[in-house]
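Let me begin by presenting the structure, written as C-alpha cells, before commenting on it.
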Amino acid sequence: MNMSHTPARVRDVVSALRRWAPERWAEEWDNPGWLVQREENADADARVILSLDPVHPETARSAGCNLNVCHHPTPFRSLSRIDSDTLSVRLWGMGIDLYAAHTNLDAAPGGVNDALAALLGLDNVRPLLPCTSARLVKFVTFVPANHLDTVREAAAVAGAGHIGRYGDCSFSHPGTGTFRPGPATNPFTGTPVGKLEKAAEQRLEMVVPAHLSDDVVAAVREVHPYEEMAYDLVFLANLDPTVGLGRIGNLPAPVTLSAFCELVHQRLECARISSAGPEREVRTVAVVGGSAGEYHVAARNAGADVFLTGEASHHHGLDARDSGMALVTAGHLATERPVLSAIKSFIERRFPETPVHITYETDPWRDYSFAPD
C-alpha cells in the first residue's frame, strides 16, 4: 500500500479512490465518477458525505473543503439541461471538486456492504452476487533468474498476485528465450548486433485485476533489466471473487429474529426497523445497503436466514413471508452510513497529511405514531 506523508493533491485522492472502486464496477444505469473536476492540482481538503443537499456547497466552502467525496452521484442521472442553481455548476463556481462512488463502491472490497457486514459482526463474509465487470487478467513476463524476485515484488506492490485472502501469489518456470539484436540496441547480455542469442529465463505469471493491469506493467517496466520487456496480458474468464453486490456471512451464534433486529438497532443506531417473514432462528445473514429489496431472491437462493437492506417494497415483504426467509429494513441512510468512516479511513491511511471530514446528513423521513381510536 502506497502511503504519502505530504499533502495529497485532489487528483491523487481521486486516483486512489478509483483504484479502490473503479467505475467499471458500477451498474449500467449509474453515474459515478469525477463529476466536477476543477482544482485537481490543489492540496486536497476532503469532505465525505452520502448525498449533497442545496446548502452543502456553501457549507463546504466556508469549511475550506475543495473535494467532496459522495456516495450518491449529483446529478444522479445525466443532465439534459443546466442552470446557475444546478449543484454541480455551483460547486464549479466555488472551486470545489466532486467525486462520487456509488454502486461501484457497493461492490468494492471494504465498501458499503463490507462496512455494513463488519458493523454487524459477521464472519466468513463473501459477495452475495458476482460483479461481471470485475475481470481478472494474467500478467506474464520473462526475466533472468537473478532478477525474478525484484520483478515479482514490483508487480505485487502494484496490485498483482492476490487470490482470495492470499497475497504475493505467482508461478514461475524456467525456459529459454531467443533474440537477435538489431541496430542501435543495447541488450542486457551484451550480445553483438545481428547474432542470435539464447538466454536462460524464468517465465513469471501473476493474476491482476483488470483495472490495475496498466499499473502493474508500468511498475515492472521500471525494474525489469531488459531494454525491451516482453510481456503478455491475458484476459481470463475468472471474475474477481472479492468483488460483487451485497455480502453474506454468519453471526457468531444463532439468535432469534427479534434479537437480530435489536442488534441492527444498536449497531446502526437507526430509529426504525421493519421485518417481514417468520419469527425464526437467524445465523446466516445477507446484506445490501440502500434500496435493494429486489435482491431478497438472491439472498434466499444463497441460503440466508435473513436479508437486511435499507428499503423494500410491500411485495418484497409478501415474498419473504411466503418463502420463510426473514426480510428486515433499517432505512436507506442507516444502512449506507457506515461506509463514510470506511472512506475516511481509506484516504487517511494513504495520505496521512490530508484533512478528511465526515458530514452526517439528517434522515429526510419523520415518523408519526398515533394512538388507536
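For the reader, a short list of remarks on this structure follows.
- Residues located in region 14-29, provided they are buried (at least 18 other Cβ atoms within 10 Å of the Cβ) and touching an Asp or Glu at 6+ places or on another chain (Cβ under 9 Å): 14, 21, 23, 25, 26
- Candidate set: region 306-353, residues that are over 26 Å from the mean Cα position of the chain (by Cα) and within 23 Å of residue 125 (Cα to Cα); chosen: the one surrounded by the fewest Cβ atoms within 10 Å (Cβ to Cβ): 324
Rundown of residues vs (1) at pLDDT below 85; (2) farther than 28 Å from residue 213 by Cα; (3) in the same structural domain as residue 290 (by TED's automatic domain parsing); (4) basic (Lys, Arg), yes/no style:
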| residue | (1), (2), (3), (4) |
| --- | --- |
| 18 | no, no, no, yes |
| 37 | no, no, no, no |
| 47 | no, yes, no, yes |
| 50 | no, yes, no, no |
| 65 | no, yes, no, no |
| 77 | yes, yes, no, yes |
| 86 | yes, yes, no, no |
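- Search result, residues across region 55-77 that are out of contact with any helix residue (DSSP H, G or I) (no Cβ under 7 Å at 6 or more places or on another chain) and either closer than 20 Å to residue 344 by Cβ or without any contact (Cβ under 8 Å) to a residue 40 or more places away in the chain (or both): 55, 56, 58, 59, 60, 62, 63, 64, 65, 70, 72, 73
- Residue 112 modelled with pLDDT of 95 or more, over 30 Å from residue 62 (Cβ atoms) and surrounded by 14 or more Cβ atoms within 10 Å (Cβ to Cβ): no
- Counted residues, region 127-147 - those being surrounded by fewer than 16 Cβ atoms within 10 Å (Cβ to Cβ) and touching a residue at least 40 places away in the same chain (Cβ under 8 Å): 4
- Pairs with Cβ under 9 Å, 6+ apart, first in region 188-203 and on the phi > 0 side of the Ramachandran plot and assigned by TED's automatic domain parsing to the domain that holds residue 140, second among the small types (Gly, Ala, Ser) and in a loop (DSSP other than H, G, I, E, B): 194/182
- Counted residues, region 254-281 - those being in contact (Cβ under 8 Å) with a residue 60 or more places away in the chain, closer than 13 Å to residue 304 by Cβ and not aromatic (Phe, Trp, Tyr): 1
- Taking region 123-189 and the strands (runs of 3 or more DSSP E) fully enclosed by it, the elements with 2 or more residues that are under 30 Å from residue 111 (Cα atoms) and modelled with pLDDT of 95 or more are at 123-130, 135-143.
- Residues being at negative phi and out of contact with any Asp or Glu (no Cβ under 8 Å at 6 or more places or on another chain) - total across region 284-304: 10
- Flag if residue 41 is surrounded by fewer than 19 Cβ atoms within 10 Å (Cβ to Cβ) and over 30 Å from residue 177 (Cα atoms): yes
- The lone exception for residue 99 - which of (1) over 19 Å from residue 360 (Cα atoms); (2) aromatic (Phe, Trp, Tyr); (3) crowded, with 20+ Cβ neighbours inside 10 Å it fails: (1)
- Taking region 234-269 as the range and being within 22 Å of residue 23 (Cβ to Cβ), surrounded by 15 or more Cβ atoms within 10 Å (Cβ to Cβ) and hydrophobic (A, V, I, L, M, F, W, C) as the test, the residues that pass are 239, 243, 245.
- Here residue 154 meets the list (1) surrounded by fewer than 23 Cβ atoms within 10 Å (Cβ to Cβ); (2) more than 30 Å from residue 174 (Cα to Cα); (3) not hydroxyl-bearing (Ser, Thr, Tyr); (4) not assigned by TED's automatic domain parsing to the domain that holds residue 267 almost entirely, failing just condition (2).
The values are calculated or read from the model by the stated rules, or taken from the named source; none is laboratory data. The structure presented is a predicted model; accordingly, all values stated were derived computationally and were not measured. Neighbour counts are summed over all protein chains in view; Cβ atoms, including those assigned to glycine, are modelled from backbone coordinates with ideal geometry.
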